[in-house]
Each structure stands twice: as C-alpha cells, then as structure tokens.
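Chemist: There's a structure below that I have some questions on.
What follows draws every value from the coordinates through simple rules; no lab data is involved. The structure presented is a predicted model; accordingly, all values stated were derived computationally and were not measured. Glycine also receives a Cβ, built like all others from the backbone with ideal geometry; neighbour counts cover every protein chain displayed.
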Ligand code: DCP
Ligand code: CA
C-alpha cells in the first residue's frame, strides 16, 4: 500500500487563539508576549498574527523591538494553559480520522493516512479537508496541511501555503517540488548548515541532491551527512509514532529585583509551586519528579531535581520538595534573577497499571536524542521553542 502522511500545523497558533476570544482584535496587529516582568516591555515575542508579521514582528524578538514595529498593535500576555487546552481538543479531532497519529509540538500533528485513504492521494486530501473543516467549525481556528509519502515531504508541503493551506505533493512530483528550492528550506537545515552549504557552493536542494554521500559525511558527519543525502531527494522513513503526554508542567518567573534573600526566594518558589500544582490538578496529572531552576544574575542557569519511587499528587509533597531543593541551593554570593518549578514524569491520575511506568525518555531530551540528525531542534517543534523562550531573556 502507498504510504501517505499528513502534517497539520495550526496557523499563527497562540495569536489565533487570542483573536478568537476577542473578535475586536481581528484585522489589527496582535502580538503574544512572554513578559519577563522587567519593565513594561521586558521579554520576548512568542508569536504574532499576519498583520504584525507584515510589519516585521517575529517570534523570539524582544517585545520592546516589536513595539517599535507595531506601534498600534495589541500586546497580550501568553496564556499557555489556554493554548494547551485548545491543542488537546485539536489533537482529539485529528485522532478521529486516523489510526496512527503523532503530536509533534503544541500545534503540529502527523497522521498516517495510507490505510484510511486506500493509498489514494485525492482521498487523503478529502480526509484532510474534513479535519480542517471540523477544526474550523468546532474551534474557529484555521490550519495548514501538507500531504506526501513521508513526514519530510508532508512537513515541507505544509509550509508551501500558509495560512489555511492544503498542499499535496505526490511521489512523482517530489523531484520538481524540491529541485529549485533554496537549500535553507530543506527540513533540518538551519542557518549554520545553510551557511556551510553556501560556502561549499550548494544553493538549492537540487544541487545538494547531486552531491555524493562521501562528500556530505566528510563535511557534516556520518549521521547528518546521510540525512542530507536522503532528505535532498525527498527520502525519509521516520515512522509516525504516538508520543506520551508532554511529560512536564512548569512555571518560571523573574523576581521584581535580583535577590539573595532566602525568605523572599522561598516565598516566590512556593507561589510558583502552587501555580504548577493548580495546572496539574486541572489536567488531572500526578508526578514523579520535581525540579527547581535558578537563573542567576548574568543568566547562569542551575537546576536541581528529585525523583520519587512512586507517583505523587499532593501539594504538600510538591511544596516540601521544592523548599528542600531551594534550601540546598547555594547562591555562592550571587543574586537570583529568575526561579522556576517544574513537575515531570507525569501520568494521568489513576491510569490503569501505570504504577511502574514512567515517561522517561519521552521528554524533549529523549526526543532530541532520538532524532537522528541535525534536524533535532526543528523536529522537537514549537512547544520546545516556546519553553526555551522562557529562558531566553
Ligand atoms: N512559539 C514560541 N516561540 C517561538 C516559536 C513558537 O512561543 N520562538 C509558540 C507560539 C506559536 C506556537 O509556538 O504560536 C507554534 O509555533 P509555530 O512555529 O508553528 O508558529 P505559529 O503557529 O505561531 O505560526 P505559523 O502560522 O507560521 O505556523
Ligand atoms: Ca503553527
């Protein structure tokens, strides 16, 4: 049977969710921000709508900079819980139409559609259209979908038409699809690799596909070289694999002023723990791990974790552990700038037979290790990027 893979990517996701809640915001630049609490515009842009993109605003940009570009824009704080809940409902819709699905990030999902469409690309496109319609009808949100014979082609096809696109690349069209494309557009090729390829005289994916394996492994190492060799020809055999739940819930925030005051730090961390616990409760999760993160002046970051024998679900255990970790932490004369609390190795409460089961290896580190090539960062997806933003200012 012909393999058919779909990738669904929500359009300007966090910003679209905000727009939906506030129809008055539609048509105006809308910027979702991760405020650091430092000054009115300290922090970074999480994402923004297309009106703001037209003005040059981008994910990861300092908010103060975005403010200069979109003077009359609406700057809203990110509400991760809201996006997670929308994401969960969207994933449930995708699962109704396909037996095998994989959530690749908070707003992206792969699905195998070969069986469902009897190996017929037009039927697969019809299924994708039904999924898009249902998401629009139930969630009032648009997405862009790519369909191809593997994950790589599906992902790159989804990029072709945004927003609200549906792009099918059939096997016989792959050569034409990739040939003239800039090499930087090949999935897994970041800025660094792109620069190196340019220096080697490779500008397009078609030119990359002409290079022999030895040339690529000599320049990019065995595993990434092999990846480039295959990917440039549109080859990819990564399976669509179900992943466990995201595996962690965290909250991180800046102190109003850098501090060394132990009592202030304890009170602050205790409030973060309460927030995390509230979210865990809302999602019905229990945890086996508690992590405390400290970011000191100069952005030096430290983490300390404790792992339990069995799953825990009480605020007392979380608070007590967080406090122990804080007290054990040695500031070594420095001041603390940000602090975070995370619970990990999660499972849904009372999940049958899950007593000994853990989510180890399903977190982003496990995923990154599994991703066999330099595409690791990109494959890990936007949710990791969003998490990373929290540490980026
Ligand atoms: N995100 C973030 N910081 C980044 C990248 C992403 O906080 N540097 C968050 C906000 C995005 C979400 O992750 O809404 C999904 O990321 P995407 O890269 O898919 O970006 P969008 O969905 O916002 O836009 P697009 O329409 O281009 O997919
Ligand atoms: Ca998206």
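Chemist: Could you tell me how many degrees, from 0 to 90 and to the nearest 10, lie between the Cα long axis of helix 262-282 and the main elongation axis, the longest principal axis, of the Cα atoms of the chain?
Modeler: So the helix axis and the longest Cα principal axis differ by about 50 degrees.
Chemist: Using per-residue counts of other Cβ atoms within 10 Å, averaged over each peptide, order 93-103, 186-196 from highest down. Working shown, then result.
Modeler: Values: 93-103: 18.1, 186-196: 15.9.
Listed from highest to lowest mean packing, they are 93-103, 186-196.
Chemist: Moving on to the next point. Give the share of C-alpha pairs in each 20 angstrom bin for the chain, from 0 to the last occupied bin, in whole percents, shortest bins first.
Modeler: Per 20 Å bin, starting at zero, the Cα-Cα P(r) for the chain comes out as 24, 55, 20, 0 percent.
Chemist: Still on this structure, please answer the following. Calculate the spin-label point distance for residue 207 paired with residue 304, positioning each point 7 Å from the Cα along the beta-carbon direction, and give it in nanometres.
Modeler: If labels sit at residue 304 and residue 207, their model points lie 5.3 nm apart.
Chemist: For n ≥ 4 DSSP H runs only, could you compute -39500 (n - 2.57) per run for the chain, divide by its residues and tell me the 222 nm figure to the nearest 500? Can you show the working numbers first?
Modeler: Working: 16 runs with 162 residues, N = 393.
Calculated from helices alone, the mean residue ellipticity at 222 nm is -12000 deg cm²/dmol.
Chemist: Report, to the nearest 10°, how far helix 151-160 tilts away from the longest principal axis of the Cα atoms in the chain, using its own Cα long axis and a range of 0 to 90°.
Modeler: The helix 151-160 is inclined about 90 degrees to the chain.
Chemist: How many angstrom lie between the Cα centre of the stretch 107-164 and the Cα centre of the stretch 178-210?
Modeler: Distance between centres, Cα-based: 26 Å.
Chemist: Right, next: Nearest 0.05, what FRET efficiency do residue 64 and residue 162 give at R0 = 30 Å with Cβ-Cβ as r? Walk me through the numbers before you get to the answer.
Modeler: On the way: r = 27 Å, r/R0 = 0.91.
After rounding, the FRET efficiency stands at 0.65.
Chemist: Roughly how many whole Å is it from the C-alpha centroid of the stretch 45-89 to that of the stretch 267-342?
Modeler: Centre-to-centre distance over Cα atoms comes out at 28 Å.
Chemist: Which one, 107, 237, 79, has the greatest fluctuation when you compute a Gaussian network model over the chain with C-alpha springs under 10 angstrom?
Modeler: Among 107, 237, 79, the largest GNM mean-square fluctuation belongs to 237.
Chemist: Here's another thing I want to ask about it. Quick one: grab the alpha carbon gyration tensor of the stretch 180-231, order the square roots of its eigenvalues as a ≥ b ≥ c, and give me rounded if a/c is under 1.5, else prolate or oblate depending on whether a/b is larger than b/c. Kindly include the intermediate steps, with their values, before the conclusion.
Modeler: On the way: a/c = 1.42, a/b = 1.32, b/c = 1.08.
Rounded, since a/c falls under 1.5.
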